[in-house]
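Only one structure is covered here, and it is reproduced in the block below.
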Amino acid sequence: MKYERVAPEEIERRSFEIITEELARRGVALPEDRAFLIKRAIHATADFDYAQTLQFSDGAIQIFAAAIRDGAVVVTDTNMALAGINKNELARYGAAARCFMAEPDVAEEARERGVTRATVGVERALALETPCVFVVGNAPTALMRLRDAFDAGARVPRVVVGVPVGFVNVEAAKEAIMETTIPYIVNVGRKGGSSVAAAICNAILYEMRKGAL
C-alpha cells in the first residue's frame, strides 16, 4: 500500500474527507445537526459503529453549548479526558474543566467508604456552586452515582456525556442515565473511552467557535 504525502495542516481535513467518503460508501446518512459530532467521534477512534450507537436526548448539544456559555465547569472522570479537552476554547466563555479523580483526599475517602473514586468525584462535582456538565469516558460508577442523585431529587448536571468503555455495569449505567430527564449524549453498548469523551466535548466547542451553535 502506498502512502500519500499530506501537509501537516491538511491531515485533519483529509481525515474528515475520508470519513465522509466511507460513510457514503456504507450508505450511512447522518443527521445534519449531529454529523459534526459523530464524525469527530469516528475520527478519534477510526470506528464507524459510532454512526449508529451514539444517542442524543432532544436538544442535548444545544444545552451543552448553553452551559459552556454560562461558564460551566466540565467535570471529567479521568485525567486523560481532562487532558484531551481544549481548555483554550473553554476559556473563551469563562468555562473550565476539572477532574477530581487524582486528588488525594478523594482517593482516601473512596478507600474509607469502599466506593470508587469516580463515585466520590461525582459527589464533589454536584456540590459545586457553578453549573456543571459531566463528561464520562471510563467509569460507569460515575453514571450510577449520578442516577442515584437524580432519583433522590438532588442537583444534577446540565447535561451528561456518558461514554464509559468496558464490561462491568457499562451498558446498564448508560441505560440508567437515558431513563432520566437529564439531557444526555450516550454511546450505547460497551464502546467508549476518554478519547471519545474529549472528542465529543471538543466537537461542540469547535462548532461554537464557528458560530454554528
Shape descriptors of the chain over alpha-carbon atoms, Rg and Dmax in angstrom, are 17.3, 58
Computed about the Cα centre, the charge dipole of the stretch 8-209 from +1 Lys/Arg and -1 Asp/Glu charges at the Cβ has a magnitude in debye, to the nearest 20, of 100
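For a quick protection proxy, order the peptides 178-186, 139-147, 67-75, 109-117 by their average other-Cβ count within 10 Å, most packed first.
139-147, 67-75, 178-186, 109-117
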In Å, the C-alpha Rg and Dmax of the stretch 89-157 are 12.5, 39
Output ordering of 59-66, 13-20 (per-residue mean of other Cβ within 10 Å, highest first) is 59-66, 13-20
Relative contact order of the chain (C-alpha contacts under 8 Å, at least 6 apart) in percent is 24
With N residues in the stretch 110-213, Rg(alpha-carbon) / (2.2 N^0.38 Å) equals 1.07
Rounded to whole angstroms and listed largest first, the alpha-carbon spread of the stretch 1-119 along its three principal axes comes to 54, 36, 29
Close lysine pairs (the chain; alpha-carbon distance under 30 Å; 8 or more apart or on separate chains) counted at 10
Restricted to the chain, the DSSP antiparallel beta bridge percent, nearest 5, is 20
Whole-Hz Karplus couplings 3J(HN,Hα) for the stretch 143-156, θ = phi - 60° and coefficients 6.51, -1.76, 1.60, Gly and Pro as x, run 5, 5, 5, 5, 5, 4, 5, 4, 5, 7, x, 7, 5, 10
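We did not get these values from a lab; they are worked out from the coordinates using the rules stated. A quick note: this is a predicted structure, and the numbers were derived from the prediction, not measured. Methodologically, a virtual Cβ is constructed for each residue, glycine included, from the backbone with ideal geometry; neighbour enumeration extends over all protein chains shown.
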